[in-house]
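Okay, so here's the structure we're looking at.
What follows draws every value from the coordinates through simple rules; no lab data is involved. Model, not experiment: these values are computed from the prediction. Cβ placement follows ideal geometry from the backbone for every residue including glycine, while neighbour counts extend to all protein chains displayed.
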Number of protein chains: 2
Amino acid sequence: MATKNRVPKLEDVAERAGVSPATVSRFYNNPSVVAPSTAEKIRKAVAELGYVPDLIAGGLASRRSRLVAVLVPEIAHSIFNDTIEEMVSELSRDGLIVMLGLTGMDDSGMPKLIEAALARRAEGVILSGIVANETLRQQLQGRSATVIETWGLPEKPIDVAVGFSHEAVGTDLARFLAARGYRRPHLVVGNGVRARMRRDAFLREWAQTGRRTPTKSDVEIPTHFGHARMVWRQVMELDPKPDVIVCGSDLLAQGLIVEAYAAGKRVPQDIAVVGFGNLSIAGEMRPTITSVDLDGARIGREAVAVLRRRAAGEKIANRVIDIGFRIIARESA
Amino acid sequence: MATKNRVPKLEDVAERAGVSPATVSRFYNNPSVVAPSTAEKIRKAVAELGYVPDLIAGGLASRRSRLVAVLVPEIAHSIFNDTIEEMVSELSRDGLIVMLGLTGMDDSGMPKLIEAALARRAEGVILSGIVANETLRQQLQGRSATVIETWGLPEKPIDVAVGFSHEAVGTDLARFLAARGYRRPHLVVGNGVRARMRRDAFLREWAQTGRRTPTKSDVEIPTHFGHARMVWRQVMELDPKPDVIVCGSDLLAQGLIVEAYAAGKRVPQDIAVVGFGNLSIAGEMRPTITSVDLDGARIGREAVAVLRRRAAGEKIANRVIDIGFRIIARESA
DNA sequence: GTCGATAATGAAAGCGCTTTCATCCCTTTC
DNA sequence: GAAAGGGATGAAAGCGCTTTCATTATCGAC
């Protein structure tokens, strides 16, 4: 038999079912137009042959790649993971696959990955953070792919952005702590753009209170549990008696709580701690951690929703989608 | 100009550079054969046009998809993340992209994702865990894609497997604890196949010592920090005086340490704790956590190495690659 | 019974590349 | 100086699908 020993193709199915290739193609892409009896014959032939459509060939012909690129700095300790998880499952529901790209914490891998995505004619490119490089912005703008920047809220998005305002977080956090009566905060700031935006807004707002200027220390991003020892030492050097430490992540906050206990201090009685991200541990730690809740999964959902609307040919009116955030007051501050 | 307002294609570059399409194709796929002066002309044309090759079309013609599918249960709290991260960066170095698929903790999404991967003619399919479903195994076996099962060590891999022996972990852990003089362990077991393999091996080995049969409790996988409260309660009910708790993950171990402190017990003096996975927190927690080190990144590297050797046409002699594991003794046990 | 719709299908021309085979021209080599 | 070899390029035939356009069959409606 001619079809032995090779991967069956559309034509083989057509022949076996006694129809034309066009009809088999319609069976897959537009099933409502094929007659039930014909469909049944095709289904049978497909099963007998073990046929799996070649989406590469299909993609070329239809110029639909069914591919969405998701580019993030890293995933090992990432706060983006909820977002990615949500996107991947939502997208695969639509028959889209996601190409995962790791840009590195400094985004150095981004240009190559964007090129790779465009070369595959990705229908969407979802980026974490906003793209700084002007050349890249242009390159992305010229293409038909939907480009979604997430987690930040640029004034002028390349295409669409969904995230929240880091400035607003900083401001609100300052107000929140001021209202609770704290007077000597220490800020632990990750050395990334976003963390700095929050810090600056915090300091600006804090200055309004007329209270002591907060001490600050820097950590590498991604900030995590292991930074705590070093940070603790640094904090104590700069100000042995801060009343609250504001962290760039819940993991770091958790680490500091452990350090505080190891140093014989109680949280929050002797020193308070605030996290960021509202990871599940924030609600599970002892004491539970006061944090800023960002609905990562929601960012993912909204991003996918935008993609869907684009696919449906809708115009996207609101190009900057603010999902907001909430300060969750718990035991630690 | 004819090339205005549309995405330039290979032919446009060829025309502009004054060469044939074939030569431009060679410029990309086999640059060593094109004359330097010609290459320069092409480079110039590419830059002027902003040409990006269409890898979909290229893939169809060359029947190379340059796509590797990576299928994992989830990524939000995953122990696989180091592996994924390593694979993604290694693969993108080779110009391969990775399609990330989430199968769900029960692997229910696997069949569809495998079909999607095959439909895109993925060159490799990397699975976490071993595939139980026989139909799926067959489907995978028939294709030319390299299939790599990771984290487990099946007796008869579909194609290639890289991981470690969960039985050996259980056995070694039992010996390790016995040697340290522990007499009343409690086992916290995730309700997954792999965790159960470790447990059974542990119990078998422990029985040899003639000591008290360990108490056990179950948790949902993925096991994490938040399970600790419930587990702690359960442990205390089953045996108020265990001398060591053996956990299915470092996160859970960390949670139990926090619980122990909250209950006024010292680790390891009053109760010891052992983790699994050797996440970075294991070495950073206070006390540092005794754990089982599995080099997740190495699994990723080995998997990619296999893919490379296949791509180079090499035969893979060793179809089961055991990367081993090490028990890291730290403060907590 | 005829006509226009409508539904179902087929024929064929691509989609934008890769690759085989052939060609041409320039070096070597004796 | 001719033959042989090799390097660089071009022509053209696909890769396995999709989709437009045309065709045929079917069905009411008048």
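Worth pointing out:
- Electrostatic dipole magnitude of the stretch B:166-306 [Cβ: Lys, Arg +1; Asp, Glu -1; Cα centre; debye, to 20]: 400 debye
- Square roots of 5 times each gyration tensor eigenvalue, C-alpha, chain A, largest first, Å: 51, 20, 17
- Taking each residue as 0.36 nm, the span from B:ASP322 to B:GLU155 lengthens on full extension beyond its C-alpha to C-alpha distance by 58.9 nm.
- Where labels lie 7 Å past Cα in the beta-carbon direction, separation of B:ALA132 and A:ALA132 in nm: 4.8 nm
- Set of the stretch B:12-30 residues, backbone N closer than 13 Å to the point 7 Å along the Cα-Cβ line of B:ARG6: B:12-13
- Relative contact order of chain A, pairs being alpha-carbon contacts under 8 Å that are 6 or more residues apart, as %: 14 percent
- Mean separation of Cα pairs under 8 Å and 6 or more residues apart, divided by the residue count, gives the stretch B:100-254 a relative contact order of 18 percent.
- Selection from A:LEU10, A:LEU113, A:SER62 lying farthest towards where the dipole of the stretch A:1-130 points positive, charges on Cβ: A:LEU10
- Charges were assigned to the Cβ only: +1 to each Lys and Arg, -1 to each Asp and Glu. The resulting dipole of the protein assembly as shown about its Cα centre is roughly 480 debye.
- Here's the picture: charge each Lys and Arg Cβ at +1 and each Asp and Glu Cβ at -1 in chain A, and of A:ALA272, A:PHE325, A:ALA262 the one pushed furthest to the positive end of that dipole is A:PHE325.
- Across the identical copies, how the B:SER32 labels are spaced - nm, sorted shortest first, 7 Å along Cα→Cβ: 5.5
- Cβ-placed point charges (K, R +1; D, E -1), dipole of the stretch B:165-213 about Cα centre in debye, nearest 20: 220 debye
- Candidates B:GLY101, B:GLY248, B:GLY226: whichever shows maximal mean-square fluctuation once chain B is modelled as a Gaussian network with Cα springs under 10 Å: B:GLY226
- Note on chain B: with a GNM built from Cα contacts shorter than 10 Å, the maximum mean-square fluctuation among B:SER65, B:SER280, B:SER291 falls on B:SER280.
- Sequence-separation-based contact order of the stretch A:187-333, relative, with Cα cut under 8 Å and 6+ spacing, percent: 20 percent
- Residue-count net charge about B:HIS166 - beta-carbon cut-off 10 Å; Lys, Arg +1, Asp, Glu -1: +2
- Against the rule of thumb 2.2 N^0.38 Å, how large the Cα Rg of the stretch A:50-105 comes out: 1.38
- Overall size of the protein assembly as shown from C-alpha positions, given as principal axis extents largest first: 76, 69, 55 Å.
- Inter-label distance, A:ALA263 to A:SER108: 3.4 nm, where each label sits 7 Å from its Cα along the C-beta direction.
- Between A:ILE281, A:ILE114, A:ILE245, the Gaussian network model of chain A with springs among Cα atoms under 10 angstrom shows the greatest mean-square fluctuation at A:ILE281.
- Peptide A:54-63 is shielded by partner chain Cβ atoms: per residue, an average of 6 of them sit within 10 Å of its Cβ.
- Bridging of B:LYS112 to lysines at a Cα separation below 22 Å is possible for A:LYS9, A:LYS44, once same-chain residues fewer than 8 apart are set aside.
- Shortest-first nm distances, A:GLY95 label point to equivalent points in other copies (7 Å, Cα→Cβ): 3.0
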